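Below is one structure, written out as structure tokens; the observations come after it.
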Amino acid sequence: MLFRTLNLCIGGLLALLSVSCISVGSHDSLGSMKKSTKVAVADDSASHFICWNVHKASDEKFTEDVEELLEAVPEKNNLTLCFQEVRSTTFDMIKGLHREAVSGHYAPSWRLPFTKKSTGVLTIGNQPLPESGVVPIRAPRRELYVASPKVSLKSEIPLNDGRKIQVVNCHGLNFVPFSVLPKQLDRIFDTLEDSNAPAIVCGDFNVWSERRLKLLNQRTAEAGLVEAHPRGVEHSPAPRWLRWMNRINGFDPEIRLDRIYTRGLEVLDCYSHTGSESSDHLPLVLSYKVLPEE
């Protein structure tokens with residue numbers, strides 16, 4: 001009887017998890033650019049970009065960390081934030097910390113049971129991010145078959161010369177067979193419309209083994225993307241709950257999970273911001289200029 005009850009409980013829990021995943025075929029547009037005087041990014045000016053897995057923005061120091069991060073990064077030019085593992089309320093938590101009006105897009109991947117609260121990825125900036133360029137990218141498989149499906153998000157930053165920077169904010173799958181990863185990367189890179197257009201592909205790719213990293217580097221090279229290697233040696237520490245995997249799946253705690261790849265850009269600087277403590281990941285900060293069209 002006890003064994004049967006336990007099985008029913010486990011089955012019920014798995015069923016609950018499976019129905020808790022909301023559709024990611026759509027996205028939410030956030031904020032307004034009405035107060036901003038910016039129209040597009042000047043391709044000859046320095047812009048800034050931050051990529052960060054914020055660990056659901058659940059730590060009480062999160063807003064303090066964001067405020068400190070924004071103070072450390074010049075915002076007088078254009079700034080884009082690509083956050084992974086945000087909550088549906090994260091934008092409202094941080095929109096007032098910017099010195100300029102911000103807007104952007106949120107793509108949900110996981111909804112808590114019986115609520116409208118969700119987690120996903122968030123791309124916002126103090127320059128326009130047009131609705132026309134937004135594409136939510138659903139992962140091909142849920143983690144552990146019934147858990148988080150993960151989602152990535154493509155946006156576009158208009159340039160003054162009529163071009164655009166394609167930005168893909170990625171969250172890589174964990175706890176799936178290796179054969180699933182190429183399928184997720186295919187969906188991500190298939191959204192890049194032009195093989196020569198400026199692009200930034202970034203995120204928490206969960207490349208915790210040499211095999212996973214080799215696959216990611218192969219796909220980015222095929223797309224003409226080059227990694228912006230952060231100066232210094234600091235990077236997010238390996239999560240403690242993952243360290244037990246080092247003997248079974250090739251897990252290497254020295255491999256960075258968070259990465260930024262660029263195309264058609266001149267990388268001026270890239271580094272990990274080490275002052276943040278609210279997440280088990282560190283923000284990656286990139287400054288860049290757009291290369292002239294060939």
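Just so it is clear, none of the values below were taken in a lab; they were calculated from the coordinates. Please read all numbers here as calculations on a predicted model, not as lab measurements. Cβ: placed from backbone, ideal geometry, glycine included. Neighbour counts: every protein chain shown.
In this structure, V146 and E222 have a Cβ-Cβ separation that, at R0 = 25 Å, corresponds to a calculated FRET efficiency of about 0.20. Classify region 146-220 as rounded, prolate or oblate from the Cα gyration tensor: take a ≥ b ≥ c as the square roots of its eigenvalues, call it rounded if a/c is under 1.5, otherwise prolate when a/b beats b/c and oblate if not. Verdict is prolate for region 146-220.
So which of K95/K117; K117/K289; K117/K154 end up more than 30 Å apart by C-alpha? Too far apart for the 30 Å limit: K117/K289.
Calculated over region 248-294, the projected area of the Cα convex hull averaged across directions stands at 5.2 nm². On the principal axes of its alpha carbon atoms, region 147-294 extends 50, 35, 24 Å, with the longest extent given first. For region 129-176, the C-alpha radius of gyration divided by 2.2 N^0.38 Å, with N the number of residues, is 1.48. Summary of the geometry: region 254-287 and region 63-86, compared by the centres of their Cα atoms, lie 12 Å apart. Using every pair of distinct Cα positions in region 70-226, the Kirkwood expression returns a hydrodynamic radius of 16.5 angstrom.
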